[in-house]
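These notes are about the structure you will find just below.
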Amino acid sequence: MNKLKIIRGATTLVDLTEEAIVNYIKGANLKPGENFPFDENQLSTKLHVSRNVVREALSRLQSFGIIESRKRNGIIIREPSLKDNLTRIIDPKFLSKEKIIDLLELRYILEIGIIPTLFENIRDEDINDLHNILPPKIPKNAYVMLSTENEIEFHSRIYKTSGNQVINDLQEILIPIYRFTHDNQSEFDQYNKKIKEENLFASHSDILDALEKRDQQYYEDVIKRHLMAYYLYIKEQRKIKNTTI
């Protein structure tokens, strides 16, 4: 039988109370929309903590979207939003360089990983929308830097084509990383120079061309070349980190 109890070992009473409530929700297998069986007074009594402690713990859980307090219905279990919770903390201003590199790599992995689903779902209207996002007459295989907003809109539209809401949410969560790369282009200059010298650069027009041709293998090659500067940057930064450990 699932019990509501505090397990000593966390930091503060509020932390312990929050942990106890979450563990109870998991142990009782409570689903979104179901009622949590205890109110503030009952939680205070059962956990042997003050109502203020209980109230703060519940407030935290409500801010994460795990519960919702309703006057007549008590405490209701909710499905937390992955996007809302992660968007709060994924900002380069709050993150170390190592974490930013990890998130940049996550973007690279997502762009490659969605390819099969993308080509299963791509439609003419998706192609038309992408055309409308790009400025006219961007040459193929040429280094043309879009504005941050156009870059985000273009890739967001590609993610949307996958039809997977979690993938869309992850892309939105990574938008600060797009802004970071645009605001710190000097970090990638040496890699972009090498890519241009070797005629490996792939523009947004190349991406669109591969999608229009419905050529999955060509698209994979293009998107990898489009993101190559980031890939080389990640590889180099990891190498530097490993030599300094």
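The values are calculated or read from the model by the stated rules, or taken from the named source; none is laboratory data. What you see is a predicted model, and the numbers here were worked out from it, not measured in a lab. All Cβ positions, glycine included, derive from the backbone under ideal geometry; neighbour counts span all protein chains shown. Keep in mind that these areas ignore ligands, DNA and RNA; they rest on the heavy atoms of the full protein, side chains included. Shrake-Rupley method; radii C 1.70, N 1.55, O 1.52, S 1.80 Å.
Using the Karplus relation 6.51 cos²θ - 1.76 cosθ + 1.60 with θ = phi - 60°, the per-residue 3J(HN,Hα) values for segment 196-208 come to 5, 4, 9, 6, 9, 5, 10, 8, 5, 5, 5, 4, 5 Hz, with x marking Gly and Pro. Looking at segment 42-192, the accessible area is 56 square angstrom per residue; that uses a 1.4 Å probe and ignores ligands, DNA and RNA. Each label was represented as a point 7 Å from its Cα along the Cα-to-Cβ direction; for residue 31 and residue 198 these points are 5.3 nm apart.
The length gained by stretching the chain between residue 64 and residue 117 to full extension, at 0.36 nm per residue less their Cα-Cα distance, is 16.0 nm. Checking every one of the trypsin sites (Lys or Arg not before Pro) in segment 46-87 against DSSP loop status and a limit of 13 other Cβ atoms within 10 Å picks out 71, 72. A helix-only calculation puts the chain at -19500 deg cm²/dmol for mean residue ellipticity at 222 nm, using -39500 (n - 2.57) for each DSSP H run of at least four residues, averaged over all residues. Modelled this way, with points 7 Å down the Cα-to-C-beta line, the labels at residue 86 and residue 234 are 1.4 nm from one another. Of the peptides 180-187, 218-225, the order by per-residue mean of other Cβ atoms within 10 Å, starting with the highest, comes out as 218-225, 180-187. Report note on the peptides 200-211, 167-178: ranked by the mean count of other C-beta atoms within 10 Å, highest first, their order is 200-211, 167-178. Overall, the anisotropy analysis places segment 81-214 in the oblate class: the square-rooted eigenvalues a ≥ b ≥ c of its C-alpha gyration tensor yield a/c not less than 1.5, with a/b not exceeding b/c.
If R0 is taken as 25 Å, the Cβ-Cβ distance between residue 164 and residue 5 corresponds to a FRET efficiency of 0.05.
Between residue 188 and residue 129, the contour length at 0.36 nm per residue exceeds the Cα-Cα span by 18.3 nm. Each Lys or Arg adds one and each Asp or Glu subtracts one; over the other residues with Cβ under 12 Å from the Cβ of residue 91, this totals +4.
Carbon and sulfur together cover what percent of the accessible area of segment 27-76 at a 1.4 Å probe radius? That fraction is 45 percent.
With the Kirkwood sum run over all distinct C-alpha pairs, the chain has a hydrodynamic radius of 21.3 Å.
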